[in-house]
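Peer 1: My structure is below; once you've seen it, I'll send some questions.
The values are calculated or read from the model by the stated rules, or taken from the named source; none is laboratory data. Everything quoted here is computed from the prediction, not taken from an experiment. Here the Cβ positions follow ideal geometry from the backbone for every residue, glycine too, while neighbour counts run over all protein chains shown.
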Amino acid sequence: METVKLEIKEKIAIITINRPEKRNALNQEVRSDLFRTVKAVDSRDDIRVAIITGAGDAFVAGADIAAMKAYEPEDAKKASEHGSDIFLFIENMRIPVIAAINGWALGGGCELAVACEIRICSDEAMLGQPEVTVGIIPGYGANMRLPRLIGAGKAKELIYTGRLIDAAEAERIVLVNRIVPNEDLMNEAMKVAKRISNGPAAIRFAKQAINGAFDLDAAQAM
């Protein structure tokens, strides 16, 4: 079974993490397949927007804890670096990337959603960074991205406590852009993607300008 599926519709790439029996948990195979897929999507001039979602009732329920139990320290370091490289690539893809969060988005799954640019969330979703509950910290970029998105205080609360939040709270703290009924999630994600895809050159330059200006002072950003 393919752990990551790719479908192209109307110049929109739909990337589905496809390991539903494990709630799409990220192991080495899934990470590698996702990296290959997003690289392939980014190389195609005919694709204008990407949507990332999960198969079944989860977006991505985190890293594969069962696999992690066998890690030596060097294995853990390599896995963290691998995930960080993938999510950094997604963040900086030529095209905009939308997360369609259809269910559990925990740990690495929440980090994947935050690495995307627009997050559309099912009303049935749960999000969080529960890594501290198993004695580790977020390893794929949440320590940097989450404070920038929702503020340092709220990010620290979520990371330090490992508390999970529902879709309504995620929208309230601006972790997600909007909530829709679960059955409408992909239709809404496609609707947003189609609107974005109308101006590919302008969107690409807008993305470069926003990302490039983020850590600059006003004069440099201008």
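Peer 1: Give me a count of the residues in the range 129-153 that are in a helix (DSSP H, G or I) and closer than 17 Å to residue 113 by Cα.
Peer 2: Number satisfying all stated conditions: 11.
Peer 1: Now, a different point. Does the range 168-222 hold any residues that are of a type in the set (D, E, K, R) and either under 20 Å from residue 110 (Cα atoms) or in a helix (DSSP H, G or I) (or both), and which are they?
Peer 2: 169, 171, 172, 178, 183, 184, 188, 191, 194, 195, 204, 207
Peer 1: Could you tell me whether any residue of the range 34-41 is hydrophobic (A, V, I, L, M, F, W, C), farther than 23 Å from residue 125 by Cα, assigned to a helix (DSSP H, G or I) and touching a Leu at 6+ places or on another chain (Cβ under 8 Å)?
Peer 2: yes
Peer 1: Considering each of 159, 173 in turn, give the residue that is surrounded by fewer than 18 Cβ atoms within 10 Å (Cβ to Cβ) and farther than 28 Å from residue 47 by Cα.
Peer 2: 173
Peer 1: Scanning the range 114-135 for residues that are free of Cβ contacts under 8 Å to residues at least 60 places away in the same chain and aliphatic (A, V, I, L, M), which turns out surrounded by the most Cβ atoms within 10 Å (Cβ to Cβ)?
Peer 2: Among them, the one singled out is 127.
Yes/no per residue for (1) more than 17 Å from residue 189 (Cα to Cα); (2) surrounded by fewer than 24 Cβ atoms within 10 Å (Cβ to Cβ); (3) at pLDDT below 95; (4) not aromatic (Phe, Trp, Tyr):
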site	(1), (2), (3), (4)
10	no, yes, yes, yes
28	yes, yes, yes, yes
40	yes, yes, no, yes
70	yes, yes, yes, yes
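Here's the yes/no breakdown for (1) touching a residue at least 12 places away in the same chain (Cβ under 8 Å); (2) closer than 14 Å to residue 100 by Cβ; (3) touching a Pro at 6+ places or on another chain (Cβ under 8 Å):
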position: 155; (1), (2), (3): yes, no, yes
position: 158; (1), (2), (3): yes, no, no
position: 165; (1), (2), (3): yes, no, no
position: 179; (1), (2), (3): yes, yes, no
position: 186; (1), (2), (3): yes, yes, no
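Peer 1: Sticking with this one: Residue by residue through the range 62-119, note down the ones that are assigned to a loop (DSSP other than H, G, I, E, B), over 16 Å from residue 175 (Cβ atoms) and among the polar types (S, T, N, Q).
Peer 2: 92, the sole residue that qualifies.
Peer 1: Are any residues in the range 42-61 touching a residue at least 24 places away in the same chain (Cβ under 8 Å) and either polar (S, T, N, Q) or assigned to a strand (DSSP E or B) (or both), and if so, which ones?
Peer 2: Of everything in the range 42-61, those that are touching a residue at least 24 places away in the same chain (Cβ under 8 Å) and either polar (S, T, N, Q) or assigned to a strand (DSSP E or B) (or both) turn out to be 49, 50, 51, 52, 53, 54, 58, 59, 60.
Peer 1: What's the number of the condition residue 50 fails, among (1) exposed (fewer than 13 other Cβ atoms within 10 Å of the Cβ); (2) within 29 Å of residue 209 (Cβ to Cβ)?
Peer 2: (1)
Peer 1: A further question follows. Free of Cβ contacts under 8 Å to residues at least 24 places away in the same chain, surrounded by 11 or more Cβ atoms within 10 Å (Cβ to Cβ) and not polar (S, T, N, Q): which single residue out of 218, 193, 201, 206 fits that description?
Peer 2: 206
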